[in-house]
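This report refers to the structure that appears directly beneath it.
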Amino acid sequence: MKFTRRSALAAGFATAGAATTGRAAPVQNAARFSLGFAPHEGSFKSRGNRIEQIAYAADQGFTAWEDNEAAGRSIAEQTAMAKALQQRGMKMGVFVASMPKWVDFRPVLGGNDDGDRQAFLADIRASIDVAKRLDAKWMTVVTGFLDRKLPVEIQTGRIIDTMRRAADIVQPHGLVMVMEPLNTLVNHPGVFMQTIPQGFAVAKGANSPAVKVLADLYHEQIQAGNLINTLQSCWDEIGYIQFGDNPGRKEPGTGEINYRNVVRWLRAKKFAGVIGMEHGNSIDGRAGEERLIAAYREIDAA
C-alpha cells in the first residue's frame, strides 16, 4: 500500500493555473466505466503531476481516485486534490488513517501495552479533518501486528474493543473505517489481520456501520484464495474493494485471478462503491498506461 508522493509545489501550480484561467472543467473524452475503478498517483505518471493525472484519469472514464498517503500531505495539497476531483465529478476513495510502522512491526493493538492503542485512536481523531477536506467517506486502517507471546483470542478481543472505540470517534461524522487484511506470505509477515473472514469476525464484534472490511483481492488470493465464495460469505461486512493481480501485483490480466468473473459477480451484487486499483503497471511509460486502461476496459465489459 505504498505509492510515490508528489510535491506540493507541482500540485499548487496546477491548481493555480486552473483558477486564473477561469475555464470550466473539460468533459471526459471516453465513456465512463460502469464500476467505480479508482487509479492513484503513479497510475498515469507520464501525464504530469497529481492534479494532471486526475484530469487524465477522468478523461479516460474513471470515476474515482484513491490516495493512501493523503493524510500525510499538506492541507494545500489535500484541498487541491479535493477540488480537482469535485470539478471532474470523481469520488474520493480511501486514504490511510493510521499508517503502520512497517520496519518496527508496530503497532501491536492487541498487546498488553495500551500506548499503541492510544496512538492509534489519536490518528483516527486526526483523520476526521483530513476526510472532511477530501470529501472522503472511507479510510483504511491496519489492525497492527501480532504479539506472538499472547493468545490470539486475547488480541482479537482487544482489537475489537479498540475498533469499537474508534467507531465512536468517526461514526458521528458519517465516516467508515475499512480494515485491511494483508498477506503474510509475500508482503507483510507478522500482521494480525490476514484474511477477509478474520476481518469479518472483528467487524461483527465491533458491531458498527463505521467498521467494515477492505477486501483487497491481491492479498486474499495469496493468503487464502476462494475469492468469490469468500466475498459472498462476508459481503455484509465488506465496505470497500481493491484489485491487483497475483503474482506481481499489476493490472488485471497479468496473473492468475479471473477478474472478469469477479466483475461479473460484483455487477450482479449491484456494487456501487469504489474499487481501488491497488497495484502497479506491468509495462513502464505510456505504453503501460494504455495497457492499464485496456485491461480495465476488458474486465468492465464482462
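Okay, here's what the table says:
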read-out	value
Close pairs from segment 73-96: first at positive phi, partner of a type in the set (Val, Ile, Thr), Cβ under 8 Å, at least 6 apart	Gly89/Thr63
Residues (in a loop (DSSP other than H, G, I, E, B) and either surrounded by 20 or more Cβ atoms within 10 Å (Cβ to Cβ) or in contact with a Phe, Trp or Tyr (Cβ under 9 Å, 6 or more places away or on another chain) (or both)) located in segment 253-264	Gly253, Thr254, Gly255, Ile257
Near pairs, Cβ below 6 angstrom, 6+ apart or cross-chain, from segment 184-202 (touching a residue at least 12 places away in the same chain (Cβ under 8 Å)) to any residue that is hydroxyl-bearing (Ser, Thr, Tyr)	Phe192/Thr143; Met193/Thr143; Gln194/Thr184; Ile196/Thr230
So Thr143, is it in a loop (DSSP other than H, G, I, E, B), polar (S, T, N, Q) and modelled with pLDDT of 95 or more	yes
Single residue of Thr162, Thr184 found to be more than 19 Å from Ala97 (Cβ to Cβ) and either among the polar types (S, T, N, Q) or in contact with a Gly (Cβ under 6 Å, 6 or more places away or on another chain) (or both)	Thr184
Every residue from segment 256-283 that is closer than 18 Å to Ile228 by Cα, among the small types (Gly, Ala, Ser) and touching a residue at least 24 places away in the same chain (Cβ under 8 Å)	Ala272, Gly273, Gly276
Residue check for Glu289: touching a residue at least 40 places away in the same chain (Cβ under 8 Å), surrounded by 15 or more Cβ atoms within 10 Å (Cβ to Cβ), among the acidic types (Asp, Glu) and in contact with a Ser or Thr (Cβ under 7 Å, 6 or more places away or on another chain)	yes
Pick from segment 29-66, criterion of a type outside the set (Ser, Thr, Tyr), within 17 Å of Glu298 (Cβ to Cβ) and touching a helix residue (DSSP H, G or I) at 6+ places or on another chain (Cβ under 6 Å), ranking: surrounded by the fewest Cβ atoms within 10 Å (Cβ to Cβ)	Phe33
Some residue of segment 197-210 being among the basic types (Lys, Arg), surrounded by 20 or more Cβ atoms within 10 Å (Cβ to Cβ) and farther than 26 Å from Asp104 by Cβ	no
Boolean, Gly239 is of a type outside the set (Ser, Thr, Tyr), surrounded by 21 or more Cβ atoms within 10 Å (Cβ to Cβ) and under 27 Å from Thr63 (Cα atoms)	yes
Which numbered condition Tyr240 misses (of (1) among the aromatic types (Phe, Trp, Tyr); (2) part of a helix (DSSP H, G or I); (3) within 17 Å of the chain's Cα centre (by Cα))	(2)
Residue in segment 117-138 that is surrounded by 20 or more Cβ atoms within 10 Å (Cβ to Cβ), closer than 19 Å to Asp216 by Cβ and modelled with pLDDT of 95 or more present	yes
Exclusive hit being within 26 Å of Ala206 (Cα to Cα) and not in a helix (DSSP H, G or I), set Lys270, Lys250	Lys270
Matching residues, segment 69-113, being within 18 Å of Gly42 (Cα to Cα), charged (D, E, K, R) and in a loop (DSSP other than H, G, I, E, B)	Glu69, Arg73
Sole residue being surrounded by fewer than 19 Cβ atoms within 10 Å (Cβ to Cβ), among the hydroxyl-bearing types (Ser, Thr, Tyr) and in a loop (DSSP other than H, G, I, E, B), chosen from Thr156, Thr184	Thr184
Per-region count, segment 265-286, residues within 21 Å of Leu214 (Cβ to Cβ) and surrounded by 13 or more Cβ atoms within 10 Å (Cβ to Cβ)	12
Any chance Leu214 is assigned to a loop (DSSP other than H, G, I, E, B), touching a residue at least 12 places away in the same chain (Cβ under 8 Å), surrounded by 24 or more Cβ atoms within 10 Å (Cβ to Cβ) and of a type outside the set (S, T, N, Q)	no
Residue match in segment 166-179 (condition: touching a residue at least 24 places away in the same chain (Cβ under 8 Å) and in contact with an Asp or Glu (Cβ under 8 Å, 6 or more places away or on another chain))	no
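The values are calculated or read from the model by the stated rules, or taken from the named source; none is laboratory data. Predicted model, so just to flag it, every value in this text is computed and none were measured. Methodologically, a virtual Cβ is constructed for each residue, glycine included, from the backbone with ideal geometry; neighbour enumeration extends over all protein chains shown.
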